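Engineer: Once you've had a glance at the structure underneath, I'll fire off some questions.
The values are calculated or read from the model by the stated rules, or taken from the named source; none is laboratory data. All values reported here derive from a predicted model rather than from experimental measurement. In this analysis, Cβ positions are derived from the backbone assuming ideal geometry, glycine residues included, and neighbour counts consider all displayed protein chains.
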């Protein structure tokens, strides 16, 4: 699942007329880098949640697209099939992260990859073996953490040497990258499919699961940028 429903307030005025996942980095929409990585990993089914200017995302990538996101493939066996969870159409706006995931659960497998549509992470590997290990392990989530960027110097979560993620304010903490593996059971506190459109953040669910030892994590050291401001976008495009 690619998270693509946010308004992108900090990116204004760039996002006044363009959804954040379609902003270009080095000649490609941000979300296209995810499509290419998913294609390389052999993944063929994708769910995208949308709200703000979501029709632009659907028009750009469609229900069936090449891994590079440019056009529909004639060979459907090699295409990436995209289903959209349109929160803007159904509820008039985004449902926050956990609310949006809960809404999309009927479209997702029991375990699934998650990534934010507004991060630049061109070398991330959506490794099938990692998904299979996570599935067999029974935890509720496995997060990819990154060294803290300047805009989040205190980090989000701790990490034990054995790979268990920690809900702590003490010690070394790392920043959640938006990439992770999830099990549907993490969202059991929300109605399956979220028919009422409940708005709910993700962090409280993760912290509660961490308190029960149900979240693991690892450090990702590849290129990663949260493209959260026009300045960060400009820096990427100037590099």
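Engineer: Out of everything in the stretch 1-21 that is touching a helix residue (DSSP H, G or I) at 6+ places or on another chain (Cβ under 6 Å) and not in a loop (DSSP other than H, G, I, E, B), what residue ends up being farthest from residue 114 (Cα to Cα)?
Structural biologist: Restricting to residues being touching a helix residue (DSSP H, G or I) at 6+ places or on another chain (Cβ under 6 Å) and not in a loop (DSSP other than H, G, I, E, B), the top hit is 14.
Engineer: Residues that are closer than 28 Å to residue 43 by Cβ, buried (at least 17 other Cβ atoms within 10 Å of the Cβ) and in contact (Cβ under 8 Å) with a residue 12 or more places away in the chain: does the stretch 146-154 have at least one?
Structural biologist: Yes, the stretch 146-154 contains at least one residue that is closer than 28 Å to residue 43 by Cβ, buried (at least 17 other Cβ atoms within 10 Å of the Cβ) and in contact (Cβ under 8 Å) with a residue 12 or more places away in the chain.
Engineer: Here is a follow-up. Hand me the list of strands (runs of 3 or more DSSP E) wholly inside the stretch 84-184 holding 2 or more residues that are touching a helix residue (DSSP H, G or I) at 6+ places or on another chain (Cβ under 7 Å).
Structural biologist: Correct list: 111-116, 141-146.
Engineer: Taking the criterion of being modelled with pLDDT of 85 or more, under 29 Å from residue 188 (Cα atoms), surrounded by 15 or more Cβ atoms within 10 Å (Cβ to Cβ) and under 15 Å from the mean Cα position of the chain (by Cα), would at least one residue in the stretch 22-29 satisfy it?
Structural biologist: No: the stretch 22-29 contains no residue that is modelled with pLDDT of 85 or more, under 29 Å from residue 188 (Cα atoms), surrounded by 15 or more Cβ atoms within 10 Å (Cβ to Cβ) and under 15 Å from the mean Cα position of the chain (by Cα).
Engineer: Residue by residue through the stretch 197-239, note down the ones that are farther than 17 Å from residue 167 by Cβ, buried (at least 17 other Cβ atoms within 10 Å of the Cβ), at pLDDT 95 or above and touching a strand residue (DSSP E or B) at 6+ places or on another chain (Cβ under 8 Å).
Structural biologist: Scanning the stretch 197-239 gives 220, 224.
Engineer: Residue 194 fails exactly one of the following numbered conditions: (1) in contact with a strand residue (DSSP E or B) (Cβ under 6 Å, 6 or more places away or on another chain); (2) part of a loop (DSSP other than H, G, I, E, B); (3) buried (at least 21 other Cβ atoms within 10 Å of the Cβ). What is the number of that condition?
Structural biologist: (1)
Engineer: In addition: Determine whether residue 217 is in a loop (DSSP other than H, G, I, E, B) and under 16 Å from the mean Cα position of the chain (by Cα).
Structural biologist: Against the criterion (in a loop (DSSP other than H, G, I, E, B) and under 16 Å from the mean Cα position of the chain (by Cα)), residue 217 does not qualify.
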